[in-house]
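*Asks:* Quick one: the structure is below, questions incoming.
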Amino acid sequence: MVLSKTASESDVSIHSTFASRYVRTSLPRFEMPENSIPKEAAYQIINDELMLDGNPRLNLASFVTTWMEPECDKLMMESINKNYVDMDEYPVTTELQNRCVNMIARLFNAPLGDGEAAIGVGTVGSSEAIMLAGLAFKRQWQNKRKAQGLPYDKPNIVTGANVQVCWEKFARYFEVELKEVKLREGYYVMDPEKAVELVDENTICVAAILGSTLTGEFEDVKLLNDLLVEKNKQTGWDTGIHVDAASGGFIAPFLYPELEWDFRLPLVKSINVSGHKYGLVYAGIGWVVWRTKSDLPDELIFHINYLGADQPTFTLNFSKGSSQVIAQYYQLIRLGFEGYRNVMENCRENMMVLRQGLEKTGRFNIVSKENGVPLVAFSLKDSSRHDEFEVAETLRRFGWIVPAYTMPADAQHVTVLRVVIREDFSRTLAERLVADFEKVLHELDTLPARVHAKMANGKANGVKKTEEETTREVTAYWKKFVETKKSNKNRIC
């Protein structure tokens, strides 16, 4: 006799995920579901939804690393369950972090003797690193003011208007006035002379950017240092400099070794750098290093012992994964100085290929400099019909993610597109991107102009059109456009 069994709805072992009930119901959005589902179904459903994300390799808006060697991927997965903060339980991981700090501090020319340990810490990124460096400057300034019997309730920090938003967060969260040097068209970084003019007795430090997010340009830290040295002599202050080298810290030592921006300058007290940018590690790792131990007040360092031995800690968070720290050490010893230099040289050469290709189209003005972070920032020569935002939006149909944005005050009337060249962006991709830009521009040329551009032109000519007139004009334009398309299609058929 043949025995048979009817599979119940709950017996999914013989079904594929797509033959099960789990693809017939919506995923929970607000409340945890009552019942479990098979691991295969959970993976497949989530993976399918994630397909709608952009391709990280084609995300040219981001400075963050999107590719690492398989061996490093393996190391990261093998250490993903280690808590970075458990120094007593994972002493080797702690040792690897300390090695990274020592290597990075010496890369930035910290005044250290042979075998001397550097002062620094790993963070989740440059945002946390900047918060920690800013806190150190604020506490140092407060301690000095207290010792002198002077008010210490109105600290300020001087930056350019081109700083990343984390500086605004630091100022707001930790109650520090942010004094910004405004930009101007054609000059999109902080002017050192104007920055020093803003410095007063309440200034905790001046923040210089080595690799502006907007254009990739390096600010003139050497000139800033020299001007600040002179002002300190005249006033008796000792205002220092923090260098935000989030993007440029792993570029300048290899491409521009003679450039003085780091601890070779006496007023540079601390530097942050993003390991997950040109440090070539996946997102989640940054570093901050101090010139000397005296530049980091002891009262900011906490000591805990409930995880085992006494552990000093100076972070804004506590638990976090160890994988990125281990990956950073892998990259430092795997590539060495020679390897990092080769990667940065390749990035720069591919940046030049893209830059020259865009220039040859005759449609763009290049805003970024050739030196600095390997990126190309550019704007349309003629944006009367279509603007940079439309170019960026249309380009997404080819898979590319390229941002368009306006500059900060006082250059907010300037709009640019920006392409960041990372390690995994090859010459072939650069050439393909130029070709796709040309396709996009050709396509936009065949479309009607933007409505707001037409209205703006009308106002410029002193003719203010009513809403009804504008609607009729746009409708007529579109009718003509559609009829032209139809007639072209009939001729082809």
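*Asks:* With the requirement that a residue be in a strand (DSSP E or B), among the hydrophobic types (A, V, I, L, M, F, W, C) and closer than 20 Å to Asp244 by Cβ, what does the range 276-306 give you?
*Replies:* Trp287, Val288, Val289, Trp290, listed by residue number.
*Asks:* Name the residues in the range 398-432 that are of a type outside the set (Lys, Arg) and assigned to a helix (DSSP H, G or I), would you?
*Replies:* Matches in the range 398-432: Phe398, Thr428, Leu429, Ala430, Glu431.
*Asks:* Just name the residue that is nearest to Gly134 (Cα to Cα) out of those in the range 309-339 that are surrounded by fewer than 22 Cβ atoms within 10 Å (Cβ to Cβ) and in contact with a Phe, Trp or Tyr (Cβ under 8 Å, 6 or more places away or on another chain).
*Replies:* Taking the candidates together, the pick is Phe314.
*Asks:* Suppose the filter is more than 30 Å from Pro253 (Cα to Cα), out of contact with any Ser or Thr (no Cβ under 7 Å at 6 or more places or on another chain) and modelled with pLDDT of 95 or more; does Ala435 pass it?
*Replies:* yes
*Asks:* Then there is this: Restricting attention to the range 240-256, which residues are surrounded by fewer than 23 Cβ atoms within 10 Å (Cβ to Cβ) and out of contact with any Lys or Arg (no Cβ under 9 Å at 6 or more places or on another chain)?
*Replies:* Tyr256
*Asks:* Being among the acidic types (Asp, Glu) and in a strand (DSSP E or B) is the filter here; which residues of the range 240-275 pass it?
*Replies:* Asp244
*Asks:* Of these, Asn98, Asn83, Asn59, which one is free of Cβ contacts under 8 Å to residues at least 60 places away in the same chain and surrounded by 11 or more Cβ atoms within 10 Å (Cβ to Cβ)?
*Replies:* From the options Asn98, Asn83, Asn59, the qualifying one is Asn98.
*Asks:* Okay, next question. Among the residues that make up the range 66-76, is at least one of them assigned to a loop (DSSP other than H, G, I, E, B), of a type in the set (D, E, K, R) and assigned by the TED database to the domain that holds Ser127?
*Replies:* no
*Asks:* Among the residues of the range 128-148, are any under 18 Å from Leu178 (Cβ atoms), without any contact (Cβ under 8 Å) to a residue 12 or more places away in the chain and assigned by the TED database to the domain that holds Thr239?
*Replies:* No, there is no match, as no residue in the range 128-148 is under 18 Å from Leu178 (Cβ atoms), without any contact (Cβ under 8 Å) to a residue 12 or more places away in the chain and assigned by the TED database to the domain that holds Thr239.
*Asks:* Here is a further query. Taking Leu150, is it part of a loop (DSSP other than H, G, I, E, B) and surrounded by fewer than 18 Cβ atoms within 10 Å (Cβ to Cβ)?
*Replies:* Taking the combined requirement at face value, the residue satisfies it.
*Asks:* Looking for whichever is among the basic types (Lys, Arg), over 26 Å from Thr406 (Cα atoms) and open to solvent by 10 Å² or more (accessible area, probe 1.4 Å) here; the options are Lys233, Lys179. Which one fits?
*Replies:* The conditions single out Lys233.
*Asks:* Have a look at Ala392, Ala327 and point out the one that is in contact (Cβ under 8 Å) with a residue 24 or more places away in the chain, assigned to a helix (DSSP H, G or I) and assigned by the TED database to the domain that holds Val281.
*Replies:* Checking each option against the conditions leaves just Ala327.
*Asks:* Hey, could you check the range 340-362 for residues that are closer than 23 Å to Lys277 by Cβ and polar (S, T, N, Q) and say which is least open to solvent (accessible area, probe 1.4 Å)?
*Replies:* Asn350
*Asks:* Moving to a separate point now. Based on what the data block shows, is Asn365 open to solvent by 30 Å² or more (accessible area, probe 1.4 Å), within 19 Å of Val189 (Cβ to Cβ) and over 21 Å from the mean Cα position of the chain (by Cα)?
*Replies:* For Asn365, the condition - open to solvent by 30 Å² or more (accessible area, probe 1.4 Å), within 19 Å of Val189 (Cβ to Cβ) and over 21 Å from the mean Cα position of the chain (by Cα) - is met.
*Asks:* Further question on the same structure: For residues that are assigned to a helix (DSSP H, G or I) and farther than 20 Å from Phe314 by Cα, scanning just the range 101-110, find the one that is most open to solvent (accessible area, probe 1.4 Å).
*Replies:* Arg106
*Asks:* Scan (1) touching a residue at least 24 places away in the same chain (Cβ under 8 Å); (2) more than 19 Å from Gly240 (Cβ to Cβ) for the single condition Arg172 breaks and write down its number.
*Replies:* Of everything listed in (1) touching a residue at least 24 places away in the same chain (Cβ under 8 Å); (2) more than 19 Å from Gly240 (Cβ to Cβ), Arg172 misses just condition (1).
*Asks:* In the range 15-39, how many are open to solvent by 100 Å² or more (accessible area, probe 1.4 Å) and not small (Gly, Ala, Ser)?
*Replies:* 9
*Asks:* Pick from Ala110, Ala19, Ala61, Ala41: which is among the small types (Gly, Ala, Ser) and modelled with pLDDT under 85?
*Replies:* Testing whether each residue is among the small types (Gly, Ala, Ser) and modelled with pLDDT under 85 leaves just Ala19.
*Asks:* Go over the candidates Ser379, Ser426, Ser383 one by one and state the one that is outside the structural domain of Thr159 (by the TED database), among the hydroxyl-bearing types (Ser, Thr, Tyr), at pLDDT below 95 and open to solvent by less than 70 Å² (accessible area, probe 1.4 Å).
*Replies:* Testing whether each residue is outside the structural domain of Thr159 (by the TED database), among the hydroxyl-bearing types (Ser, Thr, Tyr), at pLDDT below 95 and open to solvent by less than 70 Å² (accessible area, probe 1.4 Å) leaves just Ser383.
*Asks:* Would you confirm, using the coordinates I've provided, whether Asp262 is of a type in the set (Asp, Glu) and crowded, with 20+ Cβ neighbours inside 10 Å?
*Replies:* yes
*Asks:* Kindly indicate which of Glu78, Glu71 is loosely packed, with under 11 Cβ neighbours inside 10 Å, of a type in the set (D, E, K, R), closer than 30 Å to Ser247 by Cβ and at pLDDT 95 or above.
*Replies:* Glu71
*Asks:* Among the residues of the range 294-302, is any within 23 Å of Glu116 (Cβ to Cβ), hydroxyl-bearing (Ser, Thr, Tyr) and open to solvent by 10 Å² or more (accessible area, probe 1.4 Å)?
*Replies:* yes
The values are calculated or read from the model by the stated rules, or taken from the named source; none is laboratory data. These numbers come from a predicted model, not from an experiment. Glycine gets a Cβ as well: all are built from the backbone with ideal geometry, and neighbour counts include every protein chain shown. All accessible areas refer to the heavy atoms of the entire protein, side chains included, with ligands and DNA or RNA removed. Shrake-Rupley method; radii C 1.70, N 1.55, O 1.52, S 1.80 Å.
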